[in-house]
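The values are calculated or read from the model by the stated rules, or taken from the named source; none is laboratory data. On a predicted model such as this, the values are computed, not experimentally measured, just so you know. Cβ placement follows ideal geometry from the backbone for every residue including glycine, while neighbour counts extend to all protein chains displayed.
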Amino acid sequence: MRLILLGPPGAGKGTQAKMLKEKFNIPQISTGDILRQSVKDNNDLGIKASSFMNLGQLVPDDVVIGLIKKRIKQVDCKTGFILDGFPRTIVQAEKLSETMTEMGLKIDKVLDLEVNAKEVISRLAGRSTCSDCGGMYHEVTCPPKVSGFCDSCGGVLAQRQDDNVETILKRLEVYQESTAPLKQFYEKQGNLKAVTARGSVEEIFSRVLEMVK
Ligand code: AMP
């Protein structure tokens, strides 16, 4: 199964991708996670990407396309994968299609997680992530038992640098301009499925499962 999760920042792509990964035992490929890890490691990719990320802008297409091309050719992707946060531009989607055709594969479903801007701002501004296991929390809807620490592994919770209101607004603007047109792109290919991304994580997941059945 080869899936793409589309949707604005804060739609819950990462959370749903993790749940799909557990259920179907296929890798979650998050360009955001790969880039954040590179920033942490302070390697060439991270140095190149960090200024774009901190401003809420997209990292240049050639950088992320190169990353994904390499990643989906790895052995653990043989039985499928979930793309979370890629593609984000028409150029990325076209290059992905080309690569998939070269590999004799196709994307099975593109799930578009739908959520409004007001909800996105409140979700992201209150979000914190475990720096060890990636577990996600929200100060109102899903607070940790002990403030500042992960329930599962005890790791320290941190707010993402780009989860402040100013950068969130920029990310939403970039989404509307560059990423939202992908809906038409995949609609034309006939594999786009809209999923209402409101309600609990479990409710959303059951809608997601309906769509991938
Ligand atoms: P995310 O974790 O998916 O919200 O991504 C965080 C940031 O990483 C984005 O705001 C971009 O700066 C960068 N990024 C992630 N995926 C991509 C992509 N496919 N194309 C360009 N930039 C990306």
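Which condition number does L192 fail, the rest of (1) within 16 Å of the ligand (Cβ to nearest atom); (2) crowded, with 18+ Cβ neighbours inside 10 Å being met?
(1)
Mind checking which residues of region 187-197 are of a type outside the set (A, V, I, L, M), under 17 Å from the mean Cα position of the chain (by Cα) and either in a helix (DSSP H, G or I) or closer than 20 Å to L124 by Cα (or both)? First the steps, then the outcome.
Initially, region 187-197 is screened for residues of a type outside the set (A, V, I, L, M), giving 187-191, 193, 196.
With under 17 Å from the mean Cα position of the chain (by Cα) added as a condition, the list becomes 193, 196.
Of everything in region 187-197, just one residue is of a type outside the set (A, V, I, L, M), under 17 Å from the mean Cα position of the chain (by Cα) and either in a helix (DSSP H, G or I) or closer than 20 Å to L124 by Cα (or both), namely T196.
Look through region 56-67, keep the residues that are aliphatic (A, V, I, L, M) and either without any contact (Cβ under 8 Å) to a residue 24 or more places away in the chain or more than 8 Å from the ligand (Cβ to nearest atom) (or both), and return whichever of them is farthest from T99 (Cα to Cα).
If we filter region 56-67 for residues that are aliphatic (A, V, I, L, M), which is where we start, we get 58-59, 63-65, 67.
From what's left, either without any contact (Cβ under 8 Å) to a residue 24 or more places away in the chain or more than 8 Å from the ligand (Cβ to nearest atom) (or both): 63, 65, 67.
Working: V63: 15, I65: 10, L67: 12 Å.
Applying the filter and picking the extreme gives V63.
Kindly establish whether L157 is at pLDDT 95 or above, out of contact with any Asp or Glu (no Cβ under 8 Å at 6 or more places or on another chain) and in a strand (DSSP E or B). Show your work before the answer.
Values: at pLDDT 95 or above: yes; out of contact with any Asp or Glu (no Cβ under 8 Å at 6 or more places or on another chain): yes; in a strand (DSSP E or B): yes.
Yes.
Going by the structure shown, is T167 in contact with a helix residue (DSSP H, G or I) (Cβ under 8 Å, 6 or more places away or on another chain), polar (S, T, N, Q), surrounded by 14 or more Cβ atoms within 10 Å (Cβ to Cβ) and modelled with pLDDT of 90 or more?
Numbers: in contact with a helix residue (DSSP H, G or I) (Cβ under 8 Å, 6 or more places away or on another chain): yes; polar (S, T, N, Q): yes; surrounded by 14 or more Cβ atoms within 10 Å (Cβ to Cβ): yes; modelled with pLDDT of 90 or more: yes.
Here the answer is yes, as T167 does meet what is asked.
Suppose the filter is more than 9 Å from the ligand (Cβ to nearest atom), on the phi < 0 side of the Ramachandran plot and in contact with a helix residue (DSSP H, G or I) (Cβ under 7 Å, 6 or more places away or on another chain); does I34 pass it?
On the way: more than 9 Å from the ligand (Cβ to nearest atom): no; on the phi < 0 side of the Ramachandran plot: yes; in contact with a helix residue (DSSP H, G or I) (Cβ under 7 Å, 6 or more places away or on another chain): yes.
Taking the combined requirement at face value, the residue does not satisfy it.
So which of D61, D76, D44 is at pLDDT below 95 and either of a type outside the set (K, R) or buried (at least 20 other Cβ atoms within 10 Å of the Cβ) (or both)? Don't jump to the end; show me each part of the working.
Values: D61 fails: at pLDDT below 95; D76 fails: at pLDDT below 95.
Exactly one of D61, D76, D44 is at pLDDT below 95 and either of a type outside the set (K, R) or buried (at least 20 other Cβ atoms within 10 Å of the Cβ) (or both), namely D44.
Can you spot a residue in region 152-160 that is surrounded by 15 or more Cβ atoms within 10 Å (Cβ to Cβ) and in contact with a Cys (Cβ under 8 Å, 6 or more places away or on another chain)?
Yes: one or more hits.
Which numbered condition in (1) surrounded by fewer than 16 Cβ atoms within 10 Å (Cβ to Cβ); (2) farther than 30 Å from K213 by Cβ; (3) modelled with pLDDT under 95 is the only one that M1 fails?
(2)
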